[in-house]
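The values are calculated or read from the model by the stated rules, or taken from the named source; none is laboratory data. If you're wondering where the values come from, they're calculated on a predicted model, not measured in any experiment. A quick note on method: Cβ atoms are made from the backbone with ideal geometry, for glycine too, and the neighbour counts reach across all protein chains shown. Ligands, DNA and RNA are excluded from the accessible area calculation, which covers all protein heavy atoms including side chains. Shrake-Rupley method; radii C 1.70, N 1.55, O 1.52, S 1.80 Å.
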Amino acid sequence: MTNEKLVNLEKIGKLKAEPATGEEIAGLLRSGAARLLDAKNESLSQESRFDLAYNAAYAMSLAALRHAGYRSENRYLVFQCAQHTLDLAADQWRVLDQAHRKRNLAEYEGDIDVDDQLLEALIRVADLIADRLQN
């Protein structure tokens, strides 16, 4: 079933319709699962764990978008589409939004300020995404 919100994003040029291969989706899911597992390793620095959890959530969210038959060049939009591809609630999507903003500050301005609460929330949302993709 085609999601009307995704179709509308395609119509305005935010998404590109493009069928995914099973191999592509499987690779994204493997990458996400491995990174999520590593993000739970408390012997790693908080910054490393955040980076791993963020990239796990992104890989799995992208797998869901690709499974729906779309591609985006924008990380933020991949997370935004998770509302529709993974049926994430607003509070869960806001965690991804906050993590994305923190990631951009770290990547582009060198400002990494991650607290335990955001890290744990990001891991919980990534776990939820992983569970939804398995069902």
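Points worth noting:
- Evaluating kT/(6 pi eta Rh) at 20 °C and 1.002 mPa s, with the Kirkwood radius of segment 1-54 over Cα pairs in the Stokes-Einstein relation, gives 157 µm² s⁻¹.
- Hydrodynamic radius of the chain per Kirkwood, over alpha carbon pairs, in Å: 15.0 Å
- Chain lengthening between Ile112 and Ala89 when straightened (0.36 nm per residue, less Cα-Cα): 5.6 nm
- Kirkwood Rh and Cα Rg combined as Rg/Rh, segment 92-135: 1.06
- Between the alpha-carbon centres of segment 22-56 and segment 81-135 there is a gap of 12 Å.
- Qualifying trypsin sites (Lys or Arg not before Pro) for segment 1-59 [loop in DSSP, other Cβ within 10 Å: at most 16]: Lys14, Lys40
- Long pairs among Lys11/Lys40; Lys16/Lys40; Lys16/Lys102; Lys5/Lys40, criterion Cα-Cα beyond 29 Å: Lys11/Lys40; Lys16/Lys40; Lys5/Lys40
- Taking the chain and dividing mean pair separation by its residue count, relative contact order in percent (alpha carbons under 8 Å, at least six apart): 27 percent
- Between the residues Ile12, Leu28, Trp93, the greatest Cα displacement towards the positive end of the dipole of the chain, with unit charges on the Cβ of Lys, Arg, Asp and Glu, is found for Ile12.
- Once the 1.4 Å probe is applied to the protein heavy atoms, the chain comes out at 57 Å² accessible per residue.
- Rounded to the nearest 20 debye, the dipole size of the chain about its Cα centre is 500 debye, using +1 on the Cβ of Lys and Arg and -1 on the Cβ of Asp and Glu.
- Among Ser45, Ser61, Ser31: highest mean-square fluctuation, GNM of the chain, C-alpha pairs under 10 Å: Ser45
- Computed over protein heavy atoms with a 1.4 Å probe, the carbon and sulfur contribution to the accessible area of segment 17-135 reaches 44%.
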